[in-house]
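Novice: Quick one: the structure is below, and I'll ask about it shortly.
Bear in mind that the values in this text are calculations on the coordinates, not laboratory data. These numbers come from a predicted model, not from an experiment. Please note: Cβ atoms are built from the backbone with ideal geometry, for glycine as well, and neighbour counts cover all protein chains shown.
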Amino acid sequence: MITRLLHACLLIGFLAVAPAVHAIDTQPAFDDPALQQRYERINRELRCLVCQNQTIADSNATLATDLRREVRELIAAGRTDDEIREFMIERYGDFVLYRPRMTATNFLLWGAPVILLAIGAIAVVRVVRRRSKEADIDTAGPEAGSS
C-alpha cells in the first residue's frame, strides 16, 4: 500500500516537471551552421526580461520565445550582431543585455563595490589608529604617574 502511494507520488512529481525538461528550440533556426552559431550566441547574450536571471536561450517564457523569433528574423534580414544588440537595447533598454556594457549611466553600478570597499578600508584604518593611540595613552598613563 505504501509503495503504491510512493510510486503514485513519484509519477505525479515526474509529470509535474516534465514540461520544464523539454528543450526550448528543438529545431535549428538556420540550415547554415554559421548562422545557427550566431543565432545561439546572440540568444545567450540577451536576458529574458520576465525571468531576469536567465538568457533568452534558457528561458521558457513567452517573451523569450518572441525575442528568439525576433533575433532569428533580424539575422535572416542580414543585420549584424551589433545592429541586433542595438535594436534590442533601443526597444528594451540596457537591461536586456545579460552582461551590461560600461556606460556613464550604469557606472555607479559597476563602481559601487570598489567605492564601498575603499570607504570601508579607510574607516578600518582610522578606527585601528584611534584605538592604537588610546592604548598608548592608557599604557603610558599609570607609569608616568608612579615616577
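Novice: Among the residues of the stretch 98-112, which ones are within 16 Å of the chain's Cα centre (by Cα) and either of a type in the set (D, E, K, R) or not in a loop (DSSP other than H, G, I, E, B) (or both)? Give the derivation first.
Specialist: Step one: of the stretch 98-112, the residues within 16 Å of the chain's Cα centre (by Cα) are 98-102, 106, 109-110.
Within the stretch 98-112, R99, R101, L109, W110 qualify.
Novice: Let me ask something additional. Out of the stretch 48-77, which residues are among the basic types (K, R) and surrounded by fewer than 16 Cβ atoms within 10 Å (Cβ to Cβ)? Walk me through it before giving the result.
Specialist: Initially, the stretch 48-77 is screened for residues among the basic types (K, R), giving 68-69, 72.
The answer is R69, and nothing else.
Novice: So F95 passes all but one of these: (1) within 13 Å of the chain's Cα centre (by Cα); (2) assigned to a loop (DSSP other than H, G, I, E, B). Which condition number does it fail?
Specialist: Looking at each condition in turn, F95 falls short on (2).
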